[in-house]
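Only one structure is covered here, and it is reproduced in the block below.
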Amino acid sequence: MTIIAPSILSADFAKLGDEIAAIEQAGADWIHVDVMDGRFVPNLTFGPPIISAVRGATKLPFDVHLMIEQPERSIADYAAAGADRITVHLEACTHLHRTLHQIKDLGLPAGVALNPATPISLLEPVLEDVDLVLVMTVNPGFGGQSFIPYSLQKLRDLRSRLHERGLSGVSVQVDGGINPSTSALVREAGADVLVAGSYVFGHDSPAAAIAALR
Ligand code: DX5
Ligand code: ZN
């Protein structure tokens, strides 16, 4: 079953709680929360106070994507604010193995994200430690960018490495430039969790948009 996780980066921040409730009504499975610090990526979005402010707007899991430097310093704050799962960038972690276990020790599924130019092979030492791998299909920092086609080869490479290791239960997430045509491509290449921001929030019917991604 494909999980659809709309990214609230593309929501109307002036009514974020209502937007989240509407996306739940429209059939979303997870809420993808893009945290950006203006250093790891050029953009700056929101942190724990905003996440806890909208926590009550939905029962859906908050899938928190930390595009921040030194995530180990604030993982506990995101968990306390209401994150249901936390994903950190390999490129932002000096001690990735320790940071992943910091998330798991808080009782949350741990994800690792790779920027487009980062090879899947770098994940080999931690594949047994992750619950999810996020293969970025755009350069992180902004919504509305175009899908990077060689991500498909990375997805196939990841899926075969997981299969070889008996780790087919690890979720494979994609994020960036996802719409009905790229959705078909990434699902065929092995993705089972799809993040979409501009396609869902830019559609006149979010329910139709979510259905079209499955
Ligand atoms: C980009 C974020 C993505 C982005 C997706 O850094 O991680 O989640 O919001 O936006 P779209 O679906 O518009 O490419
Ligand atoms: Zn994201």
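The values are calculated or read from the model by the stated rules, or taken from the named source; none is laboratory data. If you're wondering where the values come from, they're calculated on a predicted model, not measured in any experiment. Note that we place each Cβ from the backbone using ideal geometry, even for glycine, and neighbour counts take in every protein chain shown. Each accessible area value is taken on the protein alone, full model and side chains, heavy atoms only, with ligands, DNA and RNA left out. Shrake-Rupley method; radii C 1.70, N 1.55, O 1.52, S 1.80 Å.
Tell me, yes or no, whether the stretch 46-58 has at least one residue that is open to solvent by 10 Å² or more (accessible area, probe 1.4 Å), within 11 Å of ligand 2 (Cβ to nearest atom) and either in contact (Cβ under 8 Å) with a residue 12 or more places away in the chain or within 16 Å of the chain's Cα centre (by Cα) (or both). Checked the stretch 46-58: no residue is open to solvent by 10 Å² or more (accessible area, probe 1.4 Å), within 11 Å of ligand 2 (Cβ to nearest atom) and either in contact (Cβ under 8 Å) with a residue 12 or more places away in the chain or within 16 Å of the chain's Cα centre (by Cα) (or both). Given (1) out of contact with any helix residue (DSSP H, G or I) (no Cβ under 8 Å at 6 or more places or on another chain); (2) within 12 Å of ligand 1 (Cβ to nearest atom); (3) open to solvent by 10 Å² or more (accessible area, probe 1.4 Å), where does D204 come up short, assuming only one miss? If we test D204 against (1) out of contact with any helix residue (DSSP H, G or I) (no Cβ under 8 Å at 6 or more places or on another chain); (2) within 12 Å of ligand 1 (Cβ to nearest atom); (3) open to solvent by 10 Å² or more (accessible area, probe 1.4 Å), just (2) comes out false.
Pick out the one residue from P116, P149 that is free of Cβ contacts under 8 Å to residues at least 40 places away in the same chain, over 23 Å from Y78 (Cβ atoms), surrounded by fewer than 17 Cβ atoms within 10 Å (Cβ to Cβ) and in contact with a strand residue (DSSP E or B) (Cβ under 6 Å, 6 or more places away or on another chain). The unique qualifying residue is P116.
Among the residues of the stretch 89-113, which ones are open to solvent by less than 10 Å² (accessible area, probe 1.4 Å) and among the hydrophobic types (A, V, I, L, M, F, W, C)? Once the filter is applied, which keeps residues that are open to solvent by less than 10 Å² (accessible area, probe 1.4 Å) and among the hydrophobic types (A, V, I, L, M, F, W, C), the stretch 89-113 yields L100, I103, A110, V112, A113.
Restricting the first member to the stretch 188-213 and to residues that are under 17 Å from S146 (Cβ atoms), and the second to residues that are among the acidic types (D, E) and within 16 Å of ligand 2 (Cβ to nearest atom), the beta-carbon pairs closer than 6 Å and six or more apart or on different chains are V195/D175. Within the stretch 106-126, if we keep just the residues that are under 22 Å from A189 (Cβ atoms) and of a type in the set (G, A, S), the residue that is nearest to ligand 2 (Cβ to nearest atom) turns out to be A113.
Residues that are open to solvent by 10 Å² or more (accessible area, probe 1.4 Å) and closer than 23 Å to R214 by Cβ: does the stretch 69-88 have at least one? For the stretch 69-88, residues open to solvent by 10 Å² or more (accessible area, probe 1.4 Å) and closer than 23 Å to R214 by Cβ: present.
Taking the listed residues G169, G176, the one that is small (G, A, S), within 16 Å of ligand 2 (Cβ to nearest atom) and without any contact (Cβ under 8 Å) to a residue 60 or more places away in the chain is G176, with no other qualifying.
Among residues of the stretch 170-190 being in a loop (DSSP other than H, G, I, E, B) and within 15 Å of ligand 1 (Cβ to nearest atom), the one that is farthest from the chain's Cα centre (by Cα) is N179.
Checked against the criterion of being within 16 Å of ligand 1 (Cβ to nearest atom) and either touching a Ser or Thr at 6+ places or on another chain (Cβ under 8 Å) or at pLDDT below 95 (or both), the candidates P116, P140 yield just one match: P116.
Taking the condition closer than 26 Å to T45 by Cα and either out of contact with any strand residue (DSSP E or B) (no Cβ under 9 Å at 6 or more places or on another chain) or surrounded by 20 or more Cβ atoms within 10 Å (Cβ to Cβ) (or both), does Q173 pass? It is true that Q173 is closer than 26 Å to T45 by Cα and either out of contact with any strand residue (DSSP E or B) (no Cβ under 9 Å at 6 or more places or on another chain) or surrounded by 20 or more Cβ atoms within 10 Å (Cβ to Cβ) (or both).
For the structure I just gave you, tell me whether A117 is part of a loop (DSSP other than H, G, I, E, B), farther than 30 Å from G56 by Cα and among the hydrophobic types (A, V, I, L, M, F, W, C). Yes, satisfied.
Name the residues in the stretch 127-146 that are in a helix (DSSP H, G or I) and either within 14 Å of ligand 2 (Cβ to nearest atom) or open to solvent by 10 Å² or more (accessible area, probe 1.4 Å) (or both), would you? Residues satisfying the conditions are E128, D129.
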